[in-house]
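The values are calculated or read from the model by the stated rules, or taken from the named source; none is laboratory data. Keep in mind that this is a model prediction, so the values were computed, not measured. Positions of Cβ are generated from backbone atoms using ideal geometry, with glycine treated the same way; all protein chains shown enter the neighbour counts. Areas reflect the complete protein model, heavy atoms only, side chains present, ligands, DNA and RNA absent. Shrake-Rupley method; radii C 1.70, N 1.55, O 1.52, S 1.80 Å.
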Amino acid sequence: MADSRLRALVADDEQPALAELVYLLRQDDRIGEILTASNGADALKILQATDLDVVFCDIKMPGLDGMDLARVLSKFARPPRIVFVTAYDEHAVAAFELDASDYVMKPVRAERLTEAVRRVVSAGTPTVQPPPADDTDDEVIPVELAGVTRFVQRSTVRYVEAQGDYARLHTGQNSHLVRIPLSTLEERWREAGFTRIHRSTLVALAHVDEMRVDSGRCAVRVGDDWLPVSRRHTRELRDLLVRSTSLRG
């Protein structure tokens, strides 16, 4: 039988508070795997690579704070539930405007945390959201460069290359390395018009400018770049391009 318990992330820059929260959560049978992060940036890295059900996070953390983290997560294709765990009550209204499941004050009492978990469970675990209808639902991907977290919109990504357990996102002028397997992005972005053209390449159909077949070898042009298409993906890609072009027309 599959494990139906919640997979959780705990984010807090104060180690004693983090350890205490992890300890209390482990006493709850509804909680399964627990991952930890000491700041918002590390939490984002984990969430990029792993689908989780709930995030228990502090608000005041260095760099990316808990509120900023929640705003970014709301743009994810599969956003986890958010429970804020903080010593400050002045952010409660803003927290619930961000659709937080609960707002727990420190020091955390076991029975209060149990109630927070109950609220997460009763709200239902996150499910795959419907395909985005327009750019206002565009997914945001956090990327880190020289210690600074930037946010890349999925709609600006032209193609993605696999690099081991990482993926390199290519936009118009730049590329960004993120710790997400290509297979994960393929599944997550399929409904947004991305398709596999090679074992190491995912392309956005909307950004394909040209398709060429020469001596049995197929390639597509995306901006100034020519990307090879494997034989097994050629026919499917041609059909998808024809279909997407007719829909746009």
(request) On a C-alpha basis, how far is the centre of the stretch 1-43 from the centre of the stretch 74-88 in Å? Whole number, if you could? (result) 13 Å
(message) Could you report the accessible area of residue 60 in Å², rounded to 10, computed with a 1.4 Å probe on the protein chains as they sit in the structure?
(response) 100 Å²
(request) Could you grab the relative contact order for the stretch 1-68? Cα pairs under 8 Å, six or more apart, rounded to a whole percent. (result) 42 percent
(request) Run the accessible area of the chain with a 1.4 Å probe and give the carbon-and-sulfur part as a rounded percent. (result) 47 percent
(request) Mind telling me which of 157, 222, 93 comes out most flexible in a GNM of the chain, alpha-carbon contacts under 10 Å? (result) 93
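Would you compute, from DSSP H runs of 4+ residues alone, the mean residue ellipticity of the chain at 222 nm, taking -39500 (n - 2.57) per run and dividing by the full residue count, rounded to the nearest 500? Don't jump to the answer; show the numbers that get you there.
Values: 7 runs with 75 residues, N = 249.
So the calculated ellipticity at 222 nm is -9000 deg cm²/dmol.
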(request) Mind checking which of 174, 55, 219 is farthest towards the positive end of the chain's charge dipole, using Cβ charges of +1 (Lys, Arg) and -1 (Asp, Glu) about the Cα centre? (result) 219
(request) Might you tell me the accessible area per residue for the chain, computed with a 1.4 Å probe and given in Å²? (result) 55 Å²
(message) Below 8 Å between Cα atoms, with a sequence gap of 6+, how large is the relative contact order for the chain in percent?
(response) 11 percent
(message) Give me the extension gain from residue 30 to residue 110: residue separation times 0.36 nm, minus the current Cα-Cα distance, reported in nm with one decimal.
(response) 27.4 nm
(request) Report the equivalent ellipsoid semi-axes for the stretch 184-249 in whole Å, largest first, defined as the square roots of five times the eigenvalues of the gyration tensor built from alpha carbon atoms. (result) 17, 15, 11
(request) May I have the pair-distance distribution P(r) for the stretch 12-65, computed from all Cα-Cα distances with 10 Å bins from 0 and rounded to whole percent? (result) 23, 55, 22, 0
(message) Just to be sure I understand: with springs between alpha-carbon atoms less than 10 Å apart, which residue in 183, 122, 101 has the highest mean-square fluctuation in the Gaussian network model of the chain?
(response) 122
(request) Could you grab the relative contact order for the stretch 21-102? Cα pairs under 8 Å, six or more apart, rounded to a whole percent. (result) 25 percent
(request) Can you tell me what the convex hull of the Cα atoms of the chain projects to on average, as an area in nm²? (result) 15.7 nm²
